[in-house]
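Visitor: Please find one structure pasted underneath; my questions will follow.
The values are calculated or read from the model by the stated rules, or taken from the named source; none is laboratory data. Computed from a predicted model, the values in this text were never measured in an experiment. Don't worry about glycine lacking a Cβ; one is built from the backbone with ideal geometry, like all the others, and counts go over all protein chains shown. Side chains are part of the model used for accessible areas, which takes the heavy atoms of the whole protein and leaves out ligands, DNA and RNA. Shrake-Rupley method; radii C 1.70, N 1.55, O 1.52, S 1.80 Å.
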Amino acid sequence: MFEIKDLQVSFGGIHALKGISLRVEEGEIVTLIGANGAGKTTTLRTASGLERPDSGSVWLNGQDITRVSAQDRVKRGLIQVPEGRRVFPMMSVLENLELGAFLRRDRAQTAKDMDEVFGRFPVLADRRQQPAGTLSGGEQQMLAMGRALMASPKVLLMDEPSMGLAPLFVQEIFNIIANINATGTTILLVEQNANMALQVASRAYVMETGKIVLSGDSAKLLATDEVRQAYLGG
Ligand code: ATP
């Protein structure tokens, strides 16, 4: 469904990705975990077409999209939920959601999707006229996810959705991720919260300084000493 092959990315002299390969099958949640600066965000941004790779390729539904523009990747259903939410604070909740559907022309289905987003996130329905900047961190994360869902994603690339949230919200966000997946969206999830990420995902890749150092079934990785010591506090 979605695949990255041998991706190399550098910023000036910094070799951020040194040959990353990973694959997400239709219907899966796969997580990419690793320490700060390992290159997780760069991997997602390159997948979305926001960074240009030195070499390697990005595939969606069997098609090489390495040279497809970021906008056309969105049209094909590859949608990123960016790190730090990036909602537009002065615009209303409703306007932020409408922006998610900016490239769509299927008005009737878009309206249905809006109803579905409000059903999934009642707090957004209650606050639809409120400026997005007045929402709490957890609510802004829901808005960022709702905006992504308004783009009609086939594959969602989520960058640290639990970052900076209170524990209660963290659990809720992971429940929502599982639920979005259960209703048919394939997910590649970047997380610092390795414990929660490994619980929600079926498979995982562990990154260190620009390389994949471990991969496999999440349950198996959760049980390995190497992962426990490095990412789960022993
Ligand atoms: P974090 O969890 O802190 O977001 P990460 O695993 O997502 O970390 P990246 O943000 O992808 O890591 O960064 C990988 C490396 O590339 C880091 O050394 C970072 O400093 C560098 N880097 C990322 N973006 C740029 C940029 N635009 N210009 C220069 N260096 C960059």
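The rows are residues; the columns are (1) in contact (Cβ under 8 Å) with a residue 60 or more places away in the chain; (2) open to solvent by 20 Å² or more (accessible area, probe 1.4 Å); (3) over 20 Å from Glu191 (Cβ atoms); (4) acidic (Asp, Glu).
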position: Gly137; (1), (2), (3), (4): no, yes, no, no
position: Met142; (1), (2), (3), (4): no, no, no, no
position: Ala148; (1), (2), (3), (4): yes, no, no, no
position: Leu156; (1), (2), (3), (4): yes, no, no, no
position: Ser162; (1), (2), (3), (4): no, no, no, no
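Visitor: On to the next question. Looking only at segment 125-135, how many residues end up being surrounded by 17 or more Cβ atoms within 10 Å (Cβ to Cβ) and in contact with a strand residue (DSSP E or B) (Cβ under 9 Å, 6 or more places away or on another chain)?
Guide: So the answer is 2.
Visitor: Please enumerate the residues belonging to segment 10-30 that are of a type in the set (Lys, Arg) and open to solvent by less than 80 Å² (accessible area, probe 1.4 Å).
Guide: Lys18
Visitor: Looking only at residues in segment 191-215 that are buried (at least 24 other Cβ atoms within 10 Å of the Cβ) and within 17 Å of Met163 (Cα to Cα), which one is nearest to the ligand (Cβ to nearest atom)?
Guide: By that ranking, first place goes to Glu191.
Visitor: Need at least 2 residues that are closer than 23 Å to Gln192 by Cα and in contact (Cβ under 8 Å) with a residue 24 or more places away in the chain per element, so show me which helices (runs of 4 or more DSSP H) inside segment 1-113 make the cut, counting only ones lying wholly within it.
Guide: Helices (runs of 4 or more DSSP H) meeting the threshold: 40-48.
Visitor: Here is a list: Gly100, Gly49. Which entry is crowded, with 20+ Cβ neighbours inside 10 Å, modelled with pLDDT under 95 and either more than 16 Å from the ligand (Cβ to nearest atom) or closer than 24 Å to Ile212 by Cβ (or both)?
Guide: Selected residue: Gly100, the only one of Gly100, Gly49 that is crowded, with 20+ Cβ neighbours inside 10 Å, modelled with pLDDT under 95 and either more than 16 Å from the ligand (Cβ to nearest atom) or closer than 24 Å to Ile212 by Cβ (or both).
Visitor: Kindly indicate which of Thr183, Thr224 is more than 16 Å from the ligand (Cβ to nearest atom) and surrounded by 14 or more Cβ atoms within 10 Å (Cβ to Cβ).
Guide: Exactly one of Thr183, Thr224 is more than 16 Å from the ligand (Cβ to nearest atom) and surrounded by 14 or more Cβ atoms within 10 Å (Cβ to Cβ), namely Thr224.
Visitor: Separate question: For segment 31-42, does any single residue satisfy the condition of being open to solvent by less than 70 Å² (accessible area, probe 1.4 Å), modelled with pLDDT of 95 or more and either farther than 25 Å from Met163 by Cα or away from the ligand (no atom under 14 Å from the Cβ) (or both)?
Guide: No, segment 31-42 has no match at all.
Visitor: Taking the condition of being touching a residue at least 24 places away in the same chain (Cβ under 8 Å) and of a type in the set (D, E, K, R), how many residues in segment 207-221 meet it?
Guide: Within segment 207-221, residues that are touching a residue at least 24 places away in the same chain (Cβ under 8 Å) and of a type in the set (D, E, K, R) number 2.
Visitor: Just to check your reading of the model, which residue among Leu143, Leu157, Leu168 is in a helix (DSSP H, G or I), in contact with a helix residue (DSSP H, G or I) (Cβ under 6 Å, 6 or more places away or on another chain) and aliphatic (A, V, I, L, M)?
Guide: Leu143
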